[in-house]
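What follows is calculated from the coordinates using simple rules that are stated; it is not laboratory data. None of the values given here were measured: they were computed from a predicted structure. Cβ coordinates were reconstructed from backbone atoms using ideal geometry, including for glycine residues, and neighbour counts include every protein chain displayed.
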Number of protein chains: 4
Amino acid sequence: MKLFAQTFFLAALFIAGMSITDQKKTRVVFFGDSITQQGVEPGGYIAKMKEDLQKKGVADKYELIGAGISGNKVYDLYLRLDNDVLMKLPDVVVIWIGVNDVWHKALLGTGTDADKFEKFYTAIIKKLQAKNIKIFLTTPAAIGEKTDNTNQQDGDLNKYSNIIRRLATNSNCSLVDLRKDFLSYNLKNNTDNKESGILTTPINSYLSATPFFVSLLSF
Amino acid sequence: MKLFAQTFFLAALFIAGMSITDQKKTRVVFFGDSITQQGVEPGGYIAKMKEDLQKKGVADKYELIGAGISGNKVYDLYLRLDNDVLMKLPDVVVIWIGVNDVWHKALLGTGTDADKFEKFYTAIIKKLQAKNIKIFLTTPAAIGEKTDNTNQQDGDLNKYSNIIRRLATNSNCSLVDLRKDFLSYNLKNNTDNKESGILTTPINSYLSATPFFVSLLSF
Amino acid sequence: MKLFAQTFFLAALFIAGMSITDQKKTRVVFFGDSITQQGVEPGGYIAKMKEDLQKKGVADKYELIGAGISGNKVYDLYLRLDNDVLMKLPDVVVIWIGVNDVWHKALLGTGTDADKFEKFYTAIIKKLQAKNIKIFLTTPAAIGEKTDNTNQQDGDLNKYSNIIRRLATNSNCSLVDLRKDFLSYNLKNNTDNKESGILTTPINSYLSATPFFVSLLSF
Amino acid sequence: MKLFAQTFFLAALFIAGMSITDQKKTRVVFFGDSITQQGVEPGGYIAKMKEDLQKKGVADKYELIGAGISGNKVYDLYLRLDNDVLMKLPDVVVIWIGVNDVWHKALLGTGTDADKFEKFYTAIIKKLQAKNIKIFLTTPAAIGEKTDNTNQQDGDLNKYSNIIRRLATNSNCSLVDLRKDFLSYNLKNNTDNKESGILTTPINSYLSATPFFVSLLSF
C-alpha cells in the first residue's frame, strides 16, 4: 500500500472514530477540483475510500459525496459553497484545492494571489464551522515530480501549502498534508528525478487544466 | 472641458436629479481601484465632482466618499464590500473596476477569468440592491491609448466592458461607459495613434500596477 | 471557393508567374508552426496548393516543401533556419509565424516581446535575401473568430500583424495578409459573432499550443 | 567581506593567474542584464573588482568593460553579441543572465522556454569559443531571499541554473555559481526567512524589471 492511500486511510479511520456512536450515517463531502471530480469514478480516491470502508464493515455508517469540478480554484469553491456543500448538510468536509490557483498563473494568467487565496479559504472555513461541520484541509500535492526543487511551480506550491498548514492550525482543522507526503514518497521512489510517472501521470504541460493523477486510481 | 469630465458631470447631474427633494444628504460611495484611491486627492475625479457640486450650489446635499484601493480586482471589492461600503450606509454606489482583472493576467498571472468576473460582479450588485442602493457601473477605460486596436489588452477590455454593459442592462443599473467615451475621445484627439499622453500618463508597462491616469487630475 | 483559398491561390499564381520560364522546378519552402506542419497532411493547405497546381497542369514546375513545427515562435524559426530551410536551397520561402509568439504569453508565459519579434524576423529575412530567395510574409490569422474585437489576443495580433506588414514593405517581401482576410471573411460569414467554427475549429483555449485550423482542410 | 565579493574575488584571481605573463592588458567584458548595467556605476560589482585589482597592484594589467542592459534575456545577449562583445575583442567574457528569462514569465508573459534558453546560450558560447575567448558562466542569484523554497520562481531558477551548470561542464567554461552562493549565505544570515534585505533590496515585485541588488554596491 502506498503512502498516499495510507494517508487517506488514516483520515478514514479518523472519520470513523468520530462518528462510531452515531445512529445516522456520517455524511462526508469532498470539495475540490478535477482530482476530486475524478475521485468518484471507478478507481478514484473516493471510490477507493468507499471500498476501504466496506472492507472494514462500516460502509453503512458513511456517505461519501464528491463535489469536485475540473479547473476549480479556491474562489470557485467559495462561489458554489452553498449549493454544492451546505445544502447537502454534511457532517464532514474535505477541502482539496490549490493546484489551479498556482498553475493557472502560468497557464492562463488567472491564478490566485496568495493573500486572496488565504482570504477566500478562510471565508469557506468560517461558513463551514458556523454550521459545526468538521473540516479536513489538504495541501496541493504536486505539479511535476522532480525531487530537486526544479519543478516550475515548486516555490509557489510550497508557499500555498504553508498557508493551508497555518490555516489548519489556526482554525482547528485537520490537515492531510499530501504535498509533504508526495515529496517524501518521491524522494524514496523517484531516484531518477523523473518529471512524472511515479505518483502522477505524465503532465502534458498545458494540455490539461489540472494534473489528473491517474496513479491515484491504481493503488 | 474634456469628455471624461462631462461623463461624470452627467452622472453628477443624474445623482442630483434623484435626490433633489431629500432632506438628508445623499451619500455616494465610489468603489474601485487605484484610480478611485487617487480620486479623492486634490485634482482627483472625486475631488473634481465635489467642486462641480459646489459650483452648482448643491454641495451640502451630497457626501462623496472614496473607497478605492490600488491593485483591486472585482473579488477584492467583493471581499471588502461589507466593511468599506455597506457599513457606510450609502444611497448610491459607483463601481469602477476591471482594469486589474484584465491587466494582471500579463502583469502577475493573477487576472480574473471572465466568467468569475461576472459572478463576483453580480454578487456585489445583488448585495447592494438588497439594501435598495442605487448603483452606477463604470467600464474600464483603457490600458494604452492607441486607436487602431493594437493595445495588448484591447480585446479583453472590450470583452469585460461588454460584461459590464450587459450587467447594467440586466440588473437595472446605470452605466458610465468610460471605455466607449475614451475611445471616442481618442479617435478625435489622438490622431497620431500615440501609446499615451492624451487622457493617460505614459504607461510604464509593468512599472505600475494600475494605470494611474494623471490627466484625470487636470480637467 | 473561400477567401482563404483564394489568397493562397493568388500566391500560387504569383509563384507561377515568376518562374514560368525556368527550366528547373521552383522550390518553395513553407516555414512555420503547427498550421504548416499540418499543411502537408491530406487536406492541408500545402496539399491543397499542390492539387491546385496539378489542376492547372503546372505541378511539374513546382516543389512545395513543408517546414512547420508545432509550437514554433519566430526565434524557433531563426534557430532552425540553416538546417530546415537554407540547406534545401529554396527559390521561394513562405513564412507564416506569430500566433504562438502572441498566444504563449497567456498560455505559458513565454511569448515573444514585440521588439524581439521584429528583430528575429528581420534577421531571418536578411539571411534569406542574402541568398536571393524570394520571400512571402504571412500575418497570423486569428486566435478566436469573434468579430467585435473581443478575442483576448486581438490587440496583440493586430500589433504583430502591423510589424509583419511593415517588414514586408520595408524589405520588399510579398505579403499574404491572412489576418485581414480572415477578419473580412468573418465579418460577412460570422454574423452570430461566434468564438469559432467558421474558419477555425473550436479553440479549446489552452488545450492546444497553436490553433489548428481544421477548416483549412476543407476548402 | 561577504561571500559574493569573495566569489568574484576568486574569479579575479583566476583572471589574474591566466594573464600574468601577458604584455598587453587582459580585456574582460561583463555581459548581462540590469545588474551588470549597474555594475559599472560607483559601488557596482565591476567597479568593486576594479578596486580589488588596484589594491593588488595589478590594475594596469586588466581592462574591465560593462556590457549590461536592463531587462535583457539570453536572446537579447545573442542579438547584440557581435556589436557589444565581439567587436571589443575581449580576452575574457563573463556572462550573467537568466533572471529575466525566468521572471518575465510572470511579469510580462515573455520569459524564455528552458530549451530555447539552452539553445541561445549554447550559440553564444560557440561564437565566443570560436574566437578563443575565455568564458565565465554565472548562475542567476535569486528572485526573493526566502530560504524555505517558497519564492515563486525558486523552481525555475534552480532549473535554469542547472542548465548553466551543465553548459559550463560540457563546454569547458568556468562557473561562478552565485545561486548556490546566495542560498548558502542566506541560510546562515537570513534566519528570519525574510523576503529581502540581506543580499538584495526589497523586491517591489513587478515594480522593477530585474532585481537590482543594491547590496552588491556595499560590500
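Quick rundown of the values:
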| item | result |
| --- | --- |
| For D:Val94, residues with placed amide H under 5 Å, excluding near neighbours | D:Val29, D:Phe30, D:Phe31, D:Phe136 |
| Derived scalar couplings ³J(HN,Hα) [the range B:147-158; Karplus, 6.51 cos²θ - 1.76 cosθ + 1.60; whole Hz; x for Gly, Pro] | 9, 9, 6, 10, 5, 3, 9, 4, x, 5, 4, 5 |
| Amide H contacts of C:Thr26 (H built 1.01 Å from N, under 5 Å, at least 5 apart or other chain) | C:Tyr62, C:Glu63 |
| Reach of D:Lys194 by Cα under 15 Å, taken over aspartates and glutamates that are not fewer than 8 positions away in the same chain | D:Glu145, D:Asp148, D:Asp154 |
| J(HN,Hα) series, the range A:89-95, from Karplus relation 6.51 cos²θ - 1.76 cosθ + 1.60, nearest Hz, glycine and proline x | 6, x, 8, 9, 10, 9, 9 |
| Calculated P(r) tail over 14 Å for the range A:22-71, as whole % of Cα pairs | 50 percent |
| Rounded if a/c under 1.5, otherwise prolate or oblate - the range A:99-184, Cα gyration tensor axes | oblate |
| The range D:87-178: relative contact order in percent, alpha carbon pairs under 8 Å with at least 6 residues between | 34 percent |
| Whether the range A:23-160 is rounded, prolate or oblate, judged on the alpha carbon gyration tensor where a/c under 1.5 counts as rounded | oblate |
| Hz values of 3J(HN,Hα) by residue in the range B:194-199 - Karplus curve (6.51, -1.76, 1.60), Gly and Pro given as x | 6, 5, 6, x, 8, 10 |
| Sorted by Cβ density within 10 Å, fewest first, the residues C:Lys180, A:Lys105, C:Lys131, A:Lys55 | A:Lys55, C:Lys131, C:Lys180, A:Lys105 |
| Peptide B:144-154 - average C-beta neighbours from other chains (10 Å radius) | 5 |
| Listed pairs B:Lys146/C:Lys180; B:Lys116/D:Lys116; C:Lys24/C:Lys116; C:Lys105/C:Lys188 exceeding 28 Å between Cα atoms | B:Lys116/D:Lys116; C:Lys24/C:Lys116; C:Lys105/C:Lys188 |
| Rel. contact order, % - alpha carbon contacts under 8 angstrom, at least six apart, the range D:94-143 | 54 percent |
| Nearest-0.05 FRET efficiency for B:Glu63 and B:Thr169, computed from C-beta distance (R0 30 Å) | 0.55 |
| Rounded, prolate or oblate (a/c below 1.5 giving rounded, otherwise prolate when a/b exceeds b/c) for the range A:43-117 by Cα gyration tensor | prolate |
| Fewest-first ranking of C:Leu81, A:Leu89, D:Leu77, using other Cβ atoms within 10 Å as the exposure measure | A:Leu89, C:Leu81, D:Leu77 |
